[in-house]
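The values are calculated or read from the model by the stated rules, or taken from the named source; none is laboratory data. Quantities reported herein were computed from a predicted structural model and do not represent experimental measurements. Counting neighbours? That spans all protein chains shown, and the Cβs are built from the backbone with ideal geometry, glycine included. Heads up: the accessible areas ignore ligands, DNA and RNA and are worked out on the full protein's heavy atoms, side chains in. Shrake-Rupley method; radii C 1.70, N 1.55, O 1.52, S 1.80 Å.
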Amino acid sequence: QVQLVESGGGLVQPGGSLRLSCAASGNILYIDAMRWHRQAPGKQRELVAGITRGGDTDYADSVKGRFTISRDNDKNRVFLQMNSLKPEDTAVYYCNADVRETMSPSYARDFWGQGTQVTVST
């Protein structure tokens, strides 16, 4: 019922910027935390950034100071502004959300998007 769709990925040069967007749709009452994860080939999926419904944020050390997560609660969207991109940022970026569904409002369920490819290369 709930779908998360990422957009904004692509190819960018080192030092460049990208802004990822994730739109959640479906039978959503509201969303608790929203997060961005990434997974590079041969590596474990890692948490990049998270944001609570109230706007508190947390970042992986590897992206702190370069990435900014934000959200629009009214539109059930989360964004990831990525600046000063490095080749090691190359990965598939996944949107993740703790969703309170209208039919199951008593607890949050974890949903994931399909991912968007970010490639940082010359």
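A few comments on the model shown:
- Set Arg66, Arg45, Arg53: member being surrounded by fewer than 20 Cβ atoms within 10 Å (Cβ to Cβ), more than 30 Å from Ser121 (Cα to Cα) and among the basic types (Lys, Arg): Arg53
- If you go through the range 1-34 and keep only what is open to solvent by 20 Å² or more (accessible area, probe 1.4 Å), in a strand (DSSP E or B) and among the polar types (S, T, N, Q), you end up with Gln3, Ser7, Ser25.
- Complete set of residues in the range 90-119 that are open to solvent by 40 Å² or more (accessible area, probe 1.4 Å), within 26 Å of Arg66 (Cβ to Cβ) and not in a strand (DSSP E or B): Gln114
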